[in-house]
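**Student:** Below are the structure tokens for one structure; questions will follow.
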Amino acid sequence: MLPEATVIHALPDRLRLRVREKRRDAQYFAAVDEWLSAFPGAIDHDVQPLTGSILFYRDAAFAPRDFAEQARRAGMFDLSMPVPDAMGSESGDPLTDMQWRRCLRQAMVGLLVAMAIVQINRGQIMAPAISMLSYAFDIAAHLRD
């Protein structure tokens, strides 16, 4: 049975895994080090046997699904959870720029409405509250774009 690896964090250019059951196993991590040296899409990597950590720097050619499958086939580890892709999506489909902008706009609408409510509660309902609500509705109108 293969040791289980867990994704600790993932950023667009790197991935940190932890293999708890192999902590302090220098021979195992030497094998992982050798395997990662030949892995396509790897820019650099760092293995830490003491903590059971694997830090993997990846390029745009990195295919998250292939990584998990190749690790299993090579007998390195079993990646129990999906590997987030370069944009942090576990489905393998990165969010488009349009989706990111829409999420940001929705967050801004919520923030501005909350700020307007705070101003109304303070009794400052003229310019600050009205301005914030106006900005919120303006942004909300553009959500349909």
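The values are calculated or read from the model by the stated rules, or taken from the named source; none is laboratory data. Computed from a predicted model, the values in this text were never measured in an experiment. With ideal geometry, Cβ positions are generated from the backbone for all residues, glycine too; neighbour counts draw on all protein chains shown.
**Student:** Could you list, ordered by first residue, the pairs with Cβ atoms under 8 Å in which the first is in the stretch 98-127 and modelled with pLDDT under 80 and the second is surrounded by 14 or more Cβ atoms within 10 Å (Cβ to Cβ) and not hydrophobic (A, V, I, L, M, F, W, C), at least 6 apart or interchain?
**Tutor:** Ile125/Gln119
**Student:** Tell me which residues, restricted to the stretch 10-58, are more than 17 Å from Ala68 (Cα to Cα), part of a loop (DSSP other than H, G, I, E, B) and aliphatic (A, V, I, L, M).
**Tutor:** Correct list: Leu50 only.
**Student:** Mind listing whichever residues of the stretch 128-145 are surrounded by fewer than 12 Cβ atoms within 10 Å (Cβ to Cβ) and either modelled with pLDDT of 80 or more or basic (Lys, Arg) (or both)?
**Tutor:** Asp138, Arg144
**Student:** Of the residues that make up the stretch 69-80, is at least one modelled with pLDDT under 80 and polar (S, T, N, Q)?
**Tutor:** yes
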